[in-house]
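Q: Questions regarding the structure given below will be posed in turn.
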Amino acid sequence: MGGSRLSGTVNVPGAKNSVLKLMAATLLAPGTSTLTNVPEIEDVTIMAELLRRLGCEVTQAEGVVTITVPDRPDHRADYDLVRKMRASICVLGPLIARCGAADVAVPGGDNIGSRGLDMHVDGLRRMGAQVSNEHGYLLAEASQLNGANVFLDFPSVGATETLVMAAVTAQGVSILENVAREPEIIDICHMLNEMGADIGGIGTSTLTISGVAALNPVSHRVVSDRIVAGTWAVAAAMTGGDITINGVNPIHLDVPLDKLKTAGATIERREDSFRVHMSQRPQAVDIVTLPYPGFPTDLQPQFIAMNAISHGAALVTENLFEARFRFVQELARLGADVRTDGHHALIRGRAELSGAPVEATDIRAGAGLVLAGLVAQGETFVYGAEHIDRGYAGFVSVLTDLGAQISRITD
Ligand code: UD1
(Lines give C-alpha, C1' and ligand atoms only; values in the text may rest on other atoms or scores of the structure.)
Protein backbone atom coordinates (compact mmCIF):
# COMPACT_ATOMS: atom_id res chain seq x y z
CA MET A 1 0.00 0.00 0.00
CA GLY A 2 1.54 3.30 -1.05
CA GLY A 3 1.85 6.57 0.77
CA SER A 4 3.91 6.11 3.95
CA ARG A 5 7.08 8.11 4.59
CA LEU A 6 9.65 5.64 5.87
CA SER A 7 11.69 6.62 8.88
CA GLY A 8 13.84 4.99 11.51
CA THR A 9 17.04 3.00 11.81
CA VAL A 10 18.12 -0.22 10.12
CA ASN A 11 21.11 -2.48 10.68
CA VAL A 12 22.72 -3.99 7.62
CA PRO A 13 23.79 -7.66 7.75
CA GLY A 14 26.68 -9.29 5.89
CA ALA A 15 26.73 -9.26 2.11
CA LYS A 16 25.11 -12.08 0.15
CA ASN A 17 27.66 -11.62 -2.61
CA SER A 18 30.48 -12.08 -0.13
CA VAL A 19 29.28 -14.78 2.24
CA LEU A 20 28.51 -17.33 -0.50
CA LYS A 21 32.08 -17.09 -1.81
CA LEU A 22 33.56 -17.12 1.69
CA MET A 23 31.61 -20.31 2.43
CA ALA A 24 33.02 -21.86 -0.76
CA ALA A 25 36.54 -20.68 0.12
CA THR A 26 36.47 -22.61 3.41
CA LEU A 27 36.72 -25.77 1.23
CA LEU A 28 40.37 -24.83 0.74
CA ALA A 29 41.29 -25.84 4.32
CA PRO A 30 40.34 -29.03 6.20
CA GLY A 31 38.94 -28.32 9.66
CA THR A 32 36.36 -25.94 11.11
CA SER A 33 35.95 -22.37 9.87
CA THR A 34 33.51 -19.86 11.34
CA LEU A 35 31.83 -16.95 9.57
CA THR A 36 30.02 -14.20 11.49
CA ASN A 37 27.71 -11.36 10.39
CA VAL A 38 26.05 -13.91 8.08
CA PRO A 39 22.70 -12.76 6.63
CA GLU A 40 19.66 -15.01 7.17
CA ILE A 41 18.79 -15.43 3.53
CA GLU A 42 17.76 -18.31 1.31
CA ASP A 43 20.99 -18.35 -0.71
CA VAL A 44 23.05 -19.06 2.43
CA THR A 45 20.81 -22.08 3.11
CA ILE A 46 21.32 -23.30 -0.47
CA MET A 47 25.10 -22.90 -0.20
CA ALA A 48 25.08 -24.73 3.16
CA GLU A 49 23.24 -27.62 1.51
CA LEU A 50 25.72 -27.66 -1.38
CA LEU A 51 28.65 -27.83 1.05
CA ARG A 52 26.95 -30.68 2.95
CA ARG A 53 26.66 -32.62 -0.31
CA LEU A 54 30.41 -32.16 -0.74
CA GLY A 55 30.94 -33.82 2.65
CA CYS A 56 31.11 -30.77 4.95
CA GLU A 57 29.26 -30.37 8.23
CA VAL A 58 27.52 -27.00 8.32
CA THR A 59 25.64 -25.29 11.14
CA GLN A 60 23.72 -22.02 10.80
CA ALA A 61 22.40 -19.99 13.74
CA GLU A 62 21.87 -16.31 14.49
CA GLY A 63 24.31 -14.86 12.05
CA VAL A 64 27.02 -17.49 12.56
CA VAL A 65 27.87 -20.30 10.15
CA THR A 66 30.40 -23.00 11.00
CA ILE A 67 31.73 -25.27 8.30
CA THR A 68 33.78 -28.37 9.01
CA VAL A 69 35.58 -29.44 5.86
CA PRO A 70 36.73 -33.07 5.55
CA ASP A 71 40.21 -34.13 4.44
CA ARG A 72 38.79 -35.34 1.13
CA PRO A 73 35.70 -33.39 0.03
CA ASP A 74 33.58 -34.73 -2.81
CA HIS A 75 34.09 -32.73 -6.03
CA ARG A 76 30.70 -32.86 -7.72
CA ALA A 77 28.13 -30.04 -7.45
CA ASP A 78 24.84 -31.34 -8.85
CA TYR A 79 22.36 -29.49 -11.01
CA ASP A 80 19.45 -29.77 -8.57
CA LEU A 81 21.18 -27.29 -6.24
CA VAL A 82 23.27 -25.31 -8.72
CA ARG A 83 20.18 -24.48 -10.79
CA LYS A 84 18.70 -22.67 -7.78
CA MET A 85 21.66 -20.35 -7.41
CA ARG A 86 24.16 -19.26 -10.02
CA ALA A 87 26.68 -18.34 -7.32
CA SER A 88 27.18 -22.11 -6.82
CA ILE A 89 29.81 -21.81 -9.55
CA CYS A 90 32.07 -20.37 -6.84
CA VAL A 91 32.90 -23.91 -5.68
CA LEU A 92 34.69 -24.50 -9.00
CA GLY A 93 37.96 -22.80 -7.99
CA PRO A 94 38.30 -24.28 -4.48
CA LEU A 95 37.29 -27.79 -5.62
CA ILE A 96 39.86 -28.00 -8.37
CA ALA A 97 42.49 -26.56 -6.02
CA ARG A 98 41.65 -28.96 -3.19
CA CYS A 99 40.56 -32.14 -5.03
CA GLY A 100 42.41 -31.87 -8.36
CA ALA A 101 39.01 -32.11 -10.06
CA ALA A 102 35.65 -30.36 -10.10
CA ASP A 103 32.39 -31.39 -11.78
CA VAL A 104 30.07 -28.43 -11.45
CA ALA A 105 26.71 -28.11 -13.15
CA VAL A 106 26.48 -25.00 -15.30
CA PRO A 107 24.29 -22.66 -13.25
CA GLY A 108 20.95 -20.99 -13.78
CA GLY A 109 20.05 -18.61 -10.94
CA ASP A 110 18.84 -15.07 -11.52
CA ASN A 111 16.84 -14.54 -14.61
CA ILE A 112 18.93 -11.56 -15.73
CA GLY A 113 20.56 -12.58 -18.94
CA SER A 114 23.17 -14.88 -20.35
CA ARG A 115 26.03 -14.97 -17.90
CA GLY A 116 29.09 -16.54 -19.47
CA LEU A 117 31.81 -18.55 -17.78
CA ASP A 118 34.47 -18.21 -20.48
CA MET A 119 36.85 -16.15 -18.31
CA HIS A 120 36.64 -18.70 -15.47
CA VAL A 121 37.48 -21.49 -17.92
CA ASP A 122 40.26 -19.65 -19.81
CA GLY A 123 41.98 -18.67 -16.57
CA LEU A 124 41.86 -22.23 -15.17
CA ARG A 125 43.27 -23.55 -18.45
CA ARG A 126 46.16 -21.11 -18.17
CA MET A 127 46.85 -22.57 -14.74
CA GLY A 128 47.12 -26.00 -16.34
CA ALA A 129 43.59 -27.38 -15.87
CA GLN A 130 41.81 -29.47 -18.52
CA VAL A 131 38.27 -28.14 -18.74
CA SER A 132 35.38 -29.48 -20.81
CA ASN A 133 31.66 -28.87 -20.89
CA GLU A 134 29.66 -32.09 -21.09
CA HIS A 135 25.97 -32.79 -20.50
CA GLY A 136 25.49 -29.45 -18.75
CA TYR A 137 28.49 -29.87 -16.45
CA LEU A 138 31.86 -28.15 -16.41
CA LEU A 139 34.42 -30.89 -15.86
CA ALA A 140 37.77 -29.55 -14.69
CA GLU A 141 40.87 -31.56 -13.83
CA ALA A 142 44.42 -30.73 -12.79
CA SER A 143 46.66 -32.90 -10.66
CA GLN A 144 48.69 -29.72 -10.05
CA LEU A 145 47.67 -26.13 -10.78
CA ASN A 146 50.50 -23.81 -11.76
CA GLY A 147 50.72 -20.08 -11.23
CA ALA A 148 49.90 -18.12 -14.40
CA ASN A 149 49.52 -14.62 -15.78
CA VAL A 150 45.90 -13.95 -16.63
CA PHE A 151 44.45 -10.75 -18.06
CA LEU A 152 40.66 -10.70 -17.78
CA ASP A 153 38.81 -9.21 -20.78
CA PHE A 154 36.38 -7.66 -18.31
CA PRO A 155 36.64 -7.30 -14.50
CA SER A 156 34.20 -10.14 -13.80
CA VAL A 157 33.39 -10.65 -10.13
CA GLY A 158 32.86 -14.41 -10.49
CA ALA A 159 35.92 -15.06 -12.68
CA THR A 160 38.13 -13.05 -10.32
CA GLU A 161 36.92 -15.16 -7.38
CA THR A 162 37.38 -18.49 -9.19
CA LEU A 163 40.90 -17.63 -10.26
CA VAL A 164 41.96 -16.21 -6.89
CA MET A 165 40.73 -19.36 -5.12
CA ALA A 166 42.51 -21.56 -7.66
CA ALA A 167 45.75 -19.55 -7.46
CA VAL A 168 46.23 -19.42 -3.69
CA THR A 169 47.52 -23.01 -3.52
CA ALA A 170 48.88 -23.28 -7.09
CA GLN A 171 52.57 -23.91 -7.60
CA GLY A 172 54.35 -20.58 -8.18
CA VAL A 173 53.19 -17.03 -8.72
CA SER A 174 50.00 -15.88 -10.47
CA ILE A 175 49.50 -12.35 -11.70
CA LEU A 176 45.82 -11.62 -12.31
CA GLU A 177 45.20 -8.37 -14.19
CA ASN A 178 42.04 -6.34 -14.81
CA VAL A 179 40.36 -8.09 -11.89
CA ALA A 180 37.17 -6.94 -10.15
CA ARG A 181 37.68 -4.60 -7.16
CA GLU A 182 34.30 -4.91 -5.42
CA PRO A 183 34.34 -4.76 -1.59
CA GLU A 184 33.29 -8.43 -1.67
CA ILE A 185 36.47 -9.31 -3.63
CA ILE A 186 38.53 -7.43 -1.05
CA ASP A 187 36.72 -9.39 1.67
CA ILE A 188 37.55 -12.80 0.21
CA CYS A 189 41.17 -11.83 -0.43
CA HIS A 190 41.57 -10.72 3.19
CA MET A 191 39.97 -13.94 4.43
CA LEU A 192 42.25 -16.06 2.24
CA ASN A 193 45.29 -14.22 3.59
CA GLU A 194 44.00 -14.86 7.14
CA MET A 195 43.95 -18.56 6.13
CA GLY A 196 47.62 -18.34 5.15
CA ALA A 197 47.45 -17.30 1.49
CA ASP A 198 49.81 -14.73 0.03
CA ILE A 199 47.76 -12.27 -2.04
CA GLY A 200 49.21 -8.84 -2.83
CA GLY A 201 47.57 -5.83 -4.48
CA ILE A 202 44.23 -6.33 -2.70
CA GLY A 203 41.76 -3.63 -3.75
CA THR A 204 43.63 -2.85 -6.98
CA SER A 205 43.04 -4.26 -10.45
CA THR A 206 46.20 -6.41 -10.35
CA LEU A 207 46.56 -9.22 -7.82
CA THR A 208 49.88 -10.99 -7.30
CA ILE A 209 49.40 -14.37 -5.67
CA SER A 210 52.25 -16.57 -4.49
CA GLY A 211 50.93 -20.10 -4.09
CA VAL A 212 51.31 -21.70 -0.66
CA ALA A 213 51.31 -25.42 0.16
CA ALA A 214 48.18 -25.41 2.32
CA LEU A 215 45.69 -23.12 4.05
CA ASN A 216 44.27 -23.19 7.59
CA PRO A 217 40.68 -22.80 8.80
CA VAL A 218 39.63 -19.29 9.80
CA SER A 219 37.18 -17.15 11.77
CA HIS A 220 36.04 -14.20 9.69
CA ARG A 221 33.40 -11.46 9.81
CA VAL A 222 31.53 -10.97 6.52
CA VAL A 223 31.66 -7.46 5.02
CA SER A 224 28.29 -5.66 5.19
CA ASP A 225 25.86 -5.67 2.31
CA ARG A 226 26.19 -2.40 0.39
CA ILE A 227 23.33 -3.37 -1.94
CA VAL A 228 20.88 -3.94 0.93
CA ALA A 229 22.06 -0.63 2.43
CA GLY A 230 21.60 1.10 -0.93
CA THR A 231 18.07 -0.33 -1.24
CA TRP A 232 17.04 1.22 2.12
CA ALA A 233 18.68 4.49 1.03
CA VAL A 234 16.52 4.59 -2.11
CA ALA A 235 13.47 3.70 0.01
CA ALA A 236 14.12 6.82 2.13
CA ALA A 237 14.58 9.02 -0.94
CA MET A 238 11.49 7.72 -2.76
CA THR A 239 9.10 8.01 0.16
CA GLY A 240 10.26 11.43 1.39
CA GLY A 241 11.60 9.63 4.41
CA ASP A 242 14.48 9.72 6.86
CA ILE A 243 16.43 6.49 7.45
CA THR A 244 19.68 5.92 9.31
CA ILE A 245 21.50 2.90 7.93
CA ASN A 246 23.96 1.34 10.38
CA GLY A 247 26.79 -1.13 10.02
CA VAL A 248 27.95 -0.34 6.50
CA ASN A 249 30.87 1.66 5.17
CA PRO A 250 29.38 4.53 3.10
CA ILE A 251 32.55 4.59 0.96
CA HIS A 252 31.23 1.36 -0.60
CA LEU A 253 28.25 3.37 -1.87
CA ASP A 254 30.02 6.53 -3.02
CA VAL A 255 28.44 6.73 -6.46
CA PRO A 256 24.85 5.75 -5.50
CA LEU A 257 24.87 8.17 -2.53
CA ASP A 258 26.14 10.92 -4.80
CA LYS A 259 23.24 10.17 -7.16
CA LEU A 260 20.76 10.39 -4.28
CA LYS A 261 22.24 13.77 -3.40
CA THR A 262 21.72 14.89 -7.00
CA ALA A 263 18.14 13.64 -6.69
CA GLY A 264 17.69 16.07 -3.77
CA ALA A 265 18.39 13.95 -0.68
CA THR A 266 20.50 15.06 2.26
CA ILE A 267 23.13 12.49 3.08
CA GLU A 268 24.98 12.46 6.40
CA ARG A 269 27.92 10.09 6.34
CA ARG A 270 29.69 8.61 9.35
CA GLU A 271 32.40 5.97 9.53
CA ASP A 272 30.17 2.92 9.44
CA SER A 273 26.71 4.36 8.95
CA PHE A 274 24.85 7.04 7.02
CA ARG A 275 21.52 8.84 7.08
CA VAL A 276 19.35 9.63 4.08
CA HIS A 277 16.73 12.34 4.45
CA MET A 278 14.45 13.56 1.66
CA SER A 279 11.93 16.38 2.01
CA GLN A 280 10.87 16.86 -1.61
CA ARG A 281 9.88 14.88 -4.67
CA PRO A 282 13.13 13.47 -6.14
CA GLN A 283 14.73 14.80 -9.29
CA ALA A 284 15.33 12.11 -11.94
CA VAL A 285 18.99 11.04 -12.20
CA ASP A 286 20.90 9.44 -15.08
CA ILE A 287 22.89 6.35 -14.22
CA VAL A 288 25.38 4.11 -15.99
CA THR A 289 26.11 0.71 -14.43
CA LEU A 290 29.78 -0.27 -14.31
CA PRO A 291 32.07 -2.57 -12.33
CA TYR A 292 33.01 -1.20 -8.89
CA PRO A 293 33.71 1.60 -8.07
CA GLY A 294 31.14 2.51 -10.75
CA PHE A 295 27.38 2.44 -10.17
CA PRO A 296 26.33 -1.12 -9.18
CA THR A 297 23.98 -2.97 -11.52
CA ASP A 298 22.39 -4.47 -8.40
CA LEU A 299 20.93 -1.04 -7.51
CA GLN A 300 19.76 -0.25 -11.03
CA PRO A 301 16.12 -1.45 -10.65
CA GLN A 302 15.71 0.44 -7.36
CA PHE A 303 16.93 3.67 -9.02
CA ILE A 304 14.67 3.12 -12.04
CA ALA A 305 11.78 2.80 -9.58
CA MET A 306 12.80 6.11 -7.97
CA ASN A 307 13.12 7.81 -11.37
CA ALA A 308 9.61 6.61 -12.23
CA ILE A 309 8.14 8.97 -9.62
CA SER A 310 10.68 11.80 -9.96
CA HIS A 311 10.56 15.24 -11.58
CA GLY A 312 11.98 15.19 -15.09
CA ALA A 313 13.43 12.39 -17.20
CA ALA A 314 16.50 10.17 -16.87
CA LEU A 315 18.55 7.86 -19.03
CA VAL A 316 19.73 4.62 -17.43
CA THR A 317 22.43 2.60 -19.19
CA GLU A 318 22.89 -1.05 -18.19
CA ASN A 319 26.31 -2.40 -19.12
CA LEU A 320 26.41 -5.70 -17.22
CA PHE A 321 23.25 -7.74 -17.63
CA GLU A 322 21.19 -7.09 -20.75
CA ALA A 323 18.03 -8.80 -19.46
CA ARG A 324 17.86 -6.70 -16.33
CA PHE A 325 15.43 -4.35 -18.08
CA ARG A 326 12.79 -7.09 -18.17
CA PHE A 327 11.52 -5.69 -14.92
CA VAL A 328 10.50 -2.37 -16.48
CA GLN A 329 7.57 -4.10 -18.16
CA GLU A 330 6.30 -4.89 -14.68
CA LEU A 331 7.01 -1.34 -13.52
CA ALA A 332 4.95 -0.11 -16.47
CA ARG A 333 2.00 -2.06 -15.02
CA LEU A 334 2.14 0.41 -12.12
CA GLY A 335 1.86 3.27 -14.60
CA ALA A 336 5.56 4.08 -14.98
CA ASP A 337 6.58 5.78 -18.22
CA VAL A 338 9.65 3.74 -19.23
CA ARG A 339 10.97 2.91 -22.69
CA THR A 340 13.94 0.66 -23.33
CA ASP A 341 16.18 0.45 -26.36
CA GLY A 342 18.98 -2.09 -26.14
CA HIS A 343 20.89 -1.35 -22.99
CA HIS A 344 19.32 2.06 -22.43
CA ALA A 345 16.12 2.90 -20.58
CA LEU A 346 14.45 6.30 -20.74
CA ILE A 347 12.27 7.06 -17.74
CA ARG A 348 9.93 10.05 -17.66
CA GLY A 349 8.91 10.65 -14.08
CA ARG A 350 5.21 10.62 -13.20
CA ALA A 351 3.62 12.37 -10.25
CA GLU A 352 1.84 9.15 -9.33
CA LEU A 353 1.99 5.42 -9.86
CA SER A 354 -1.04 3.19 -9.36
CA GLY A 355 -0.98 -0.13 -7.51
CA ALA A 356 -1.34 -3.34 -9.53
CA PRO A 357 -0.29 -7.00 -9.45
CA VAL A 358 3.29 -7.42 -10.71
CA GLU A 359 5.84 -10.23 -10.93
CA ALA A 360 9.39 -10.16 -9.53
CA THR A 361 11.79 -11.88 -11.93
CA ASP A 362 14.96 -11.62 -9.85
CA ILE A 363 16.12 -10.38 -6.44
CA ARG A 364 16.79 -6.74 -7.31
CA ALA A 365 13.79 -6.43 -9.63
CA GLY A 366 11.70 -7.66 -6.70
CA ALA A 367 13.17 -4.98 -4.45
CA GLY A 368 12.57 -2.29 -7.09
CA LEU A 369 8.93 -3.34 -7.53
CA VAL A 370 8.29 -3.29 -3.77
CA LEU A 371 9.78 0.22 -3.54
CA ALA A 372 7.51 1.33 -6.38
CA GLY A 373 4.56 -0.27 -4.58
CA LEU A 374 5.39 1.79 -1.47
CA VAL A 375 4.69 5.00 -3.35
CA ALA A 376 1.94 3.80 -5.70
CA GLN A 377 -1.67 4.74 -4.97
CA GLY A 378 -3.63 1.75 -3.66
CA GLU A 379 -2.47 -1.86 -3.36
CA THR A 380 0.40 -3.52 -5.20
CA PHE A 381 0.78 -7.32 -5.15
CA VAL A 382 4.32 -8.50 -5.85
CA TYR A 383 4.32 -12.12 -7.02
CA GLY A 384 7.57 -14.11 -6.97
CA ALA A 385 8.54 -12.61 -3.60
CA GLU A 386 10.71 -15.70 -2.95
CA HIS A 387 13.33 -14.08 -5.19
CA ILE A 388 13.60 -11.26 -2.64
CA ASP A 389 14.19 -13.81 0.18
CA ARG A 390 17.30 -14.98 -1.65
CA GLY A 391 19.04 -11.69 -0.96
CA TYR A 392 17.24 -9.72 1.77
CA ALA A 393 16.91 -10.92 5.37
CA GLY A 394 13.53 -10.05 6.91
CA PHE A 395 12.64 -7.72 4.03
CA VAL A 396 9.01 -7.23 5.05
CA SER A 397 9.71 -6.81 8.77
CA VAL A 398 12.44 -4.22 8.14
CA LEU A 399 10.04 -2.20 5.98
CA THR A 400 7.20 -2.59 8.50
CA ASP A 401 9.48 -1.28 11.27
CA LEU A 402 10.24 1.73 9.08
CA GLY A 403 6.50 2.45 8.79
CA ALA A 404 5.65 0.81 5.47
CA GLN A 405 2.22 -0.70 4.93
CA ILE A 406 3.31 -4.08 3.63
CA SER A 407 2.47 -7.65 4.47
CA ARG A 408 3.52 -11.11 3.36
CA ILE A 409 0.59 -13.04 1.94
CA THR A 410 2.23 -16.43 1.29
CA ASP A 411 5.54 -18.04 2.20
C1 UD1 B 1 28.18 -10.88 -9.37
C2 UD1 B 1 27.07 -10.70 -8.37
C3 UD1 B 1 25.89 -9.96 -9.00
C4 UD1 B 1 26.37 -8.66 -9.59
C5 UD1 B 1 27.53 -8.90 -10.54
C6 UD1 B 1 28.13 -7.61 -11.08
C7 UD1 B 1 27.28 -12.60 -6.93
C8 UD1 B 1 26.68 -13.87 -6.44
N9 UD1 B 1 26.61 -11.99 -7.91
O10 UD1 B 1 27.68 -11.71 -10.41
O11 UD1 B 1 24.92 -9.72 -7.99
O12 UD1 B 1 25.31 -8.08 -10.32
O13 UD1 B 1 28.58 -9.61 -9.85
O14 UD1 B 1 28.50 -6.77 -10.05
O15 UD1 B 1 28.29 -12.15 -6.44
N16 UD1 B 1 30.85 -12.68 -17.98
C17 UD1 B 1 31.29 -13.33 -19.09
N18 UD1 B 1 32.21 -14.34 -18.95
C19 UD1 B 1 32.68 -14.73 -17.73
C20 UD1 B 1 32.20 -14.07 -16.58
C21 UD1 B 1 31.28 -13.03 -16.74
O22 UD1 B 1 30.90 -13.02 -20.20
O23 UD1 B 1 33.52 -15.66 -17.67
C24 UD1 B 1 29.87 -11.58 -18.15
C25 UD1 B 1 28.52 -11.95 -17.57
O26 UD1 B 1 27.74 -12.63 -18.51
C27 UD1 B 1 27.96 -10.59 -17.22
C28 UD1 B 1 29.18 -9.76 -16.84
O29 UD1 B 1 30.29 -10.47 -17.38
O30 UD1 B 1 27.36 -10.00 -18.34
C31 UD1 B 1 29.36 -9.56 -15.35
O32 UD1 B 1 29.52 -10.80 -14.72
P33 UD1 B 1 30.27 -10.99 -13.33
O34 UD1 B 1 30.98 -9.72 -12.96
O35 UD1 B 1 31.06 -12.24 -13.41
O36 UD1 B 1 29.06 -11.16 -12.34
P37 UD1 B 1 28.68 -12.40 -11.44
O38 UD1 B 1 29.88 -12.88 -10.71
O39 UD1 B 1 27.88 -13.35 -12.24
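The values are calculated or read from the model by the stated rules, or taken from the named source; none is laboratory data. The model shown is predicted, which means the values in this text are computed figures rather than measured ones. Quick reminder, even Gly has a Cβ in these numbers, built from the backbone with ideal geometry, and neighbours come from all protein chains shown. All accessible areas refer to the heavy atoms of the entire protein, side chains included, with ligands and DNA or RNA removed. Shrake-Rupley method; radii C 1.70, N 1.55, O 1.52, S 1.80 Å.
Q: Just checking, how many residues over region 30-53 are surrounded by 22 or more Cβ atoms within 10 Å (Cβ to Cβ) and within 13 Å of residue 91 (Cα to Cα)?
A: Number of matching residues: 3.
Q: Right, another one. Count, please, the residues in region 67-99 that happen to be within 14 Å of residue 30 (Cβ to Cβ) and more than 16 Å from the ligand (Cβ to nearest atom).
A: Total satisfying the criteria: 12.
Q: Right, next: Return a yes/no flag: does region 223-237 have any residue that is among the hydrophobic types (A, V, I, L, M, F, W, C), buried (at least 24 other Cβ atoms within 10 Å of the Cβ), closer than 30 Å to residue 127 by Cβ and in contact with an Asp or Glu (Cβ under 9 Å, 6 or more places away or on another chain).
A: yes
Q: Name the single residue, out of those in region 149-162 being surrounded by 22 or more Cβ atoms within 10 Å (Cβ to Cβ) and farther than 19 Å from residue 193 by Cβ, that is farthest from the ligand (Cβ to nearest atom).
A: Residue satisfying both the conditions and the ranking: 150.
Q: Moving to a separate point now. Taking residue 119 as meeting all but one of (1) at pLDDT 95 or above; (2) part of a helix (DSSP H, G or I); (3) open to solvent by 20 Å² or more (accessible area, probe 1.4 Å), write down the number of the exception.
A: (1)
Q: Scan region 303-331 residue by residue and report those that are within 13 Å of the ligand (Cβ to nearest atom) and either in contact with an Asp or Glu (Cβ under 9 Å, 6 or more places away or on another chain) or not acidic (Asp, Glu) (or both).
A: 319, 320, 321, 323, 324
Q: Among what's in region 61-95 and is assigned to a loop (DSSP other than H, G, I, E, B) and basic (Lys, Arg), pick the residue that is most open to solvent (accessible area, probe 1.4 Å).
A: 72
Q: Here's something else I'd like to know. So residue 100 passes all but one of these: (1) open to solvent by less than 10 Å² (accessible area, probe 1.4 Å); (2) in contact with a Ser or Thr (Cβ under 7 Å, 6 or more places away or on another chain); (3) farther than 27 Å from residue 205 by Cβ. Which condition number does it fail?
A: (1)
Q: What number of residues within region 327-349 are exposed (fewer than 15 other Cβ atoms within 10 Å of the Cβ) and among the basic types (Lys, Arg)?
A: Total satisfying the criteria: 1.
Q: Determine if region 356-370 includes at least one residue that is surrounded by 22 or more Cβ atoms within 10 Å (Cβ to Cβ) and basic (Lys, Arg).
A: Yes, region 356-370 has at least one match.
Q: If you don't mind, another one. What are the residues in region 367-391 that are within 16 Å of the ligand (Cβ to nearest atom) and at pLDDT below 95, if any?
A: Across region 367-391, the qualifying residues are 387, 388, 389, 390, 391.
Q: To continue, here is another question. Test residue 305 against the criterion of being in contact with a strand residue (DSSP E or B) (Cβ under 6 Å, 6 or more places away or on another chain) and of a type in the set (A, V, I, L, M, F, W, C), and give yes or no.
A: Spelling it out, it is not the case that residue 305 is in contact with a strand residue (DSSP E or B) (Cβ under 6 Å, 6 or more places away or on another chain) and of a type in the set (A, V, I, L, M, F, W, C).
Q: Among (1) open to solvent by 10 Å² or more (accessible area, probe 1.4 Å); (2) modelled with pLDDT of 95 or more, which single condition is residue 143 missing?
A: Result: residue 143 fails condition (2) only.
Q: Could you check, for region 33-40, whether at least one of its residues is within 16 Å of the ligand (Cβ to nearest atom), modelled with pLDDT of 95 or more and assigned to a loop (DSSP other than H, G, I, E, B)?
A: Yes - at least one qualifying residue is present in region 33-40.
Q: A follow-up question, please. Check off (1) modelled with pLDDT under 90; (2) acidic (Asp, Glu); (3) in a strand (DSSP E or B) for residue 110 and give me the number that stays unchecked.
A: (3)
Q: For region 163-194, name all the residues that are open to solvent by less than 40 Å² (accessible area, probe 1.4 Å), assigned to a helix (DSSP H, G or I) and closer than 26 Å to residue 248 by Cα.
A: Within region 163-194, 164, 165, 183, 184, 185, 187, 188, 189, 191, 192 meet the criteria.
Q: Separate question: Could you please let me know if residue 51 is modelled with pLDDT of 95 or more, in contact with a helix residue (DSSP H, G or I) (Cβ under 8 Å, 6 or more places away or on another chain), within 16 Å of the ligand (Cβ to nearest atom) and part of a strand (DSSP E or B)?
A: Working: modelled with pLDDT of 95 or more: yes; in contact with a helix residue (DSSP H, G or I) (Cβ under 8 Å, 6 or more places away or on another chain): yes; within 16 Å of the ligand (Cβ to nearest atom): yes; part of a strand (DSSP E or B): no.
In short, no.
Q: Does at least one position in region 362-370 carry a residue that is closer than 30 Å to residue 47 by Cα and among the β-branched types (Val, Ile, Thr)?
A: Checking region 362-370: at least one residue is closer than 30 Å to residue 47 by Cα and among the β-branched types (Val, Ile, Thr).
Q: Further question on the same structure: Would you mention how many residues in region 275-302 are within 16 Å of the ligand (Cβ to nearest atom), open to solvent by 60 Å² or more (accessible area, probe 1.4 Å) and in contact with a Ser or Thr (Cβ under 9 Å, 6 or more places away or on another chain)?
A: Adding up the residues that qualify gives 2.
Q: Testing residue 105 on (1) open to solvent by less than 10 Å² (accessible area, probe 1.4 Å); (2) away from the ligand (no atom under 15 Å from the Cβ); (3) modelled with pLDDT of 95 or more, one condition comes back false. Which one is that?
A: (3)
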